[in-house]
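Participant: The structure under discussion is supplied below as structure tokens; questions concerning it will follow.
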Amino acid sequence: MRKTISLVVSVFLPFLALAQAVDTTAAPTLLTLEDALRIALSENVSVKVADREVERTGYARKGTYSALFPQINGSASYQRTIKKQVMYMDGGGFDMSSMMAETMATYLLPLYAQHPDVPFPTPAVPSEEESSSSNEGFSVGRWNTWSAGINASMPLVNAQLWKTLRISDQDVELAVEKARSSRLETVNQVKQAFFACLLAREAFEVYKSAYENALENCNQIQRRYNAQKASELDLTRAKTTLANAIPNVYDAESSMILSLWQLKAVMGVDLEENFDVAGSLSDYAQHMLYDLHESGELSLENNSSLRQLALQAEQLANTIKVQQYAALPTLSLSFNYSLNAMANDFKFSEYRWSPYSFVGLNLSIPIFAGGQRLNAVRQARVQAGELDLQRANTERQLKIAIRQYLNQMETAMKSYASAESAAGTAQKAYDIASKSYDVGRSTLTDLNDAQLALTQARLGVSQAVFNFVVAKANLESTLGADFIDAGGNVQLNKTYIHE
């Protein structure tokens, strides 16, 4: 009896310590799959980053559309002349002597006619060499030059710009589709992590039940050994079976804790949050009871990868047109208004400001660029061809993945039916073996074999359901039916409801 008591105490001591630790903390909050998905779609980092990317591309599109509006800029400048410019006048273009002679004949000759005693000055007539050029120059301009003004420009006809605006719209559409892809991936990860928690917990329950059965058998054999109705070999084997069951319980418990941490990480919440998953894998077994072949041909039209490739193909098609439109003329409207002043001092109140303004049309006609535009078009067409090959290969791989998931679901359905039948038979066999051993009609080996078969059968049921729901989650993510409205448009703000 002392040995029995010490054995029971040594086995139950870790569980008692664990129970005391649990009692000192608050009960965990139970989360359903729908709760976990709602939290993940609002807290997951990849979802937040994708939403920020949608916001960024929206601002980029608005910035691109601003090119259609007038661009207005103001300017101001000041220049200080260090050395003035010198101008020279040749006689052929500017004859100073002739101008002086004309002035004297017009204004001075009548005056000298009234005073004949005063000699009339005769201007010197320069030689031909002197009249053709002069080495004397004069400075022009002033020391300070001030200028202020405003100018505006606006495109009127620019086919390349208009097509670029369409590409910016597609950038936003592509960012929205990538945000939807992040949501689909997050939903798939949360589902798999949630189901892994359920599987780990059921595995823990199975191994714990196997440990309890081994403990009960050990105690019973101990009593029979004390009554000299069981051999020491049976007692030793019973203790060995009990000792082998303990590591399985600890491993299952560790797996259960790690799976919860993984779920918290995918949801984007603190790892110290105290919650547990609600329900069991058996709740999802009802989804396995239908014929997969009745679903018909599964469409990939909502697959996020294919939709992204389609948007990229449209962008490349518009890029080709942008490169082609670069050879078309462009027409723009321009306006300028400025004020200028020149002075040798800083008496601003005495400055004379001279306004200057104009409005005009600018026509630009591309003629020759060394083959740059033609090579740009060829490059874009090669990229479009590469994208077509990538799309065909992606579609082929996705079809293979769909068939694989359907086969996995069908295999899981068949395995579930077999495992459920095996679990019922194994439970009945264990009960018979236990009672037969009590009356001495079976050996301990038969009892241990029955216990092992029961454990494997119960784990097989849970594993079959887990394989089915995981394959189903992967199939739903591949088909991409979530976050799409009736018109086939992306709806990121839709509250996710698990069906």
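Participant: ALA313 - would you say it is of a type in the set (A, V, I, L, M, F, W, C) and part of a helix (DSSP H, G or I)?
Facilitator: Judged against the criteria, ALA313 is a match.
Participant: Still on this structure, please answer the following. Tell me which residues, restricted to the stretch 334-355, are loosely packed, with under 15 Cβ neighbours inside 10 Å and either part of a strand (DSSP E or B) or touching a Cys at 6+ places or on another chain (Cβ under 7 Å) (or both).
Facilitator: TYR337, SER354, PRO355
Participant: A further question on this structure: Given ALA471, ALA464, ALA457, which one is buried (at least 21 other Cβ atoms within 10 Å of the Cβ), out of contact with any Gly (no Cβ under 9 Å at 6 or more places or on another chain), small (Gly, Ala, Ser) and outside any loop (DSSP other than H, G, I, E, B)?
Facilitator: Result of the check over ALA471, ALA464, ALA457: ALA464.
Participant: Do you know which residues across the stretch 202-234 are without any contact (Cβ under 8 Å) to a residue 40 or more places away in the chain, crowded, with 16+ Cβ neighbours inside 10 Å and closer than 13 Å to TYR437 by Cβ?
Facilitator: ARG224, ALA230
Participant: Among VAL359, VAL377, VAL382, which is within 25 Å of SER75 (Cα to Cα) and β-branched (Val, Ile, Thr)?
Facilitator: Exactly one of VAL359, VAL377, VAL382 is within 25 Å of SER75 (Cα to Cα) and β-branched (Val, Ile, Thr), namely VAL359.
Participant: Let me ask something else. Do we find that ILE246 is aliphatic (A, V, I, L, M), surrounded by fewer than 14 Cβ atoms within 10 Å (Cβ to Cβ) and on the phi < 0 side of the Ramachandran plot in this structure? Don't jump to the end; show me each part of the working.
Facilitator: Working: aliphatic (A, V, I, L, M): yes; surrounded by fewer than 14 Cβ atoms within 10 Å (Cβ to Cβ): no; on the phi < 0 side of the Ramachandran plot: yes.
So ILE246 does not fit the description; no.
Participant: Return the only residue of GLU212, GLU202, GLU216 being in contact with a helix residue (DSSP H, G or I) (Cβ under 7 Å, 6 or more places away or on another chain) and assigned to a helix (DSSP H, G or I). First the steps, then the outcome.
Facilitator: Details: GLU212 fails: in contact with a helix residue (DSSP H, G or I) (Cβ under 7 Å, 6 or more places away or on another chain); GLU216 fails: in contact with a helix residue (DSSP H, G or I) (Cβ under 7 Å, 6 or more places away or on another chain).
Being in contact with a helix residue (DSSP H, G or I) (Cβ under 7 Å, 6 or more places away or on another chain) and assigned to a helix (DSSP H, G or I) holds for just one of GLU212, GLU202, GLU216, which is GLU202.
Only the coordinates and a few stated rules stand behind these numbers; no lab work does. Model, not experiment: these values are computed from the prediction. Here the Cβ is made from the backbone with ideal geometry for all residues, glycine too, and neighbour counts use every protein chain on show.
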